[in-house]
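The values are calculated or read from the model by the stated rules, or taken from the named source; none is laboratory data. Bear in mind the structure is a predicted one, so any value in this text is a computation, not a measurement. All Cβ positions, even for glycine, are placed from backbone atoms using ideal geometry, and neighbour counts span all protein chains on display. Accessible surface is based on the protein model in full, side chains and every heavy atom, while ligands, DNA and RNA are left aside. Shrake-Rupley method; radii C 1.70, N 1.55, O 1.52, S 1.80 Å.
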Amino acid sequence: QVHLVESGGGLVQPGGSLRLSCVVSGSFVSIADMAWYRQNPGKQRELVAGITSGGTTNYADSVKGRFTISRELAKNTAYLQMDSLKAEDTAVYYCKWDLLVSSATGMSWHDYWGQGTQVTVSS
């Protein structure tokens, strides 16, 4: 089994910062890409930032220059540093890992999601 645990969300004033963490544990063979998404009630989940296995990053236009995605593979941990936060950044944030897992039928890649962490930007 694979487990993802997110942390770091909370309430912050506009202009403030937060750092989200996502730790993956359990039985998997390899890690490929990972990403952070966010979602508000009644809206589609949207990609915030992604990082490939080679370390290439990409960001939504709305967060470029303010958010930074990174990861420590030795710790199976990914981060999302969020600076200069705005009210419109308020959402539930989810991490997603692409993992190679082994089963009775062989090895295959699967997406695994964290449980989500609430980020609220308000004065």
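Modelled this way, with points 7 Å down the Cα-to-C-beta line, the labels at Gln115 and Leu11 are 2.1 nm from one another.
Could you compute the FRET efficiency for Gln1 and Asn58, with r as their C-beta to C-beta distance and R0 at 30 Å, rounded to 0.05? It would help to have the intermediate numbers written out before the result.
Working: r = 29 Å, r/R0 = 0.98.
After rounding to 0.05, the efficiency reads 0.55.
Can you give me the % of accessible surface on the chain that is carbon or sulfur? Probe 1.4 Å, all protein chains present, nothing else counted. Looking at the chain in its full context, I get 48 percent from C and S. Candidate cross-link partners of Lys86 among the lysines, defined by an alpha-carbon separation under 22 Å and a same-chain spacing of 8 or more, comprise Lys43, Lys64. For Trp109, the solvent-accessible surface computed with a 1.4 Å probe is close to 130 Å², ligands and nucleic acids excluded. Close amide-amide hydrogen proximity is noted between Gly16 and Leu85, each under 5 Å apart and 5 or more residues distant or on a separate chain (H modeled in the peptide plane; Pro and chain starts excluded). Model label sites at Leu73 and Glu46, defined 7 Å from Cα along the beta-carbon direction, differ in position by 3.1 nm.
For segment 62-117, trypsin sites (Lys or Arg not before Pro) are listed when DSSP marks them as loop and at most 14 other Cβ atoms sit within 10 Å of their Cβ; the list is Lys64, Lys86.
Across segment 15-31, the residues whose backbone nitrogen lies under 15 Å from the label position 7 Å along the beta-carbon direction of Ser102 are 26-31. Stick to the Cα atoms of segment 54-105, pair each with every other, and give me the Kirkwood hydrodynamic radius in Å at one decimal. Kirkwood radius, segment 54-105: 13.5 Å.
Distance between the 7 Å Cα→Cβ label points at Asp33 and Arg66: 2.4 nm.
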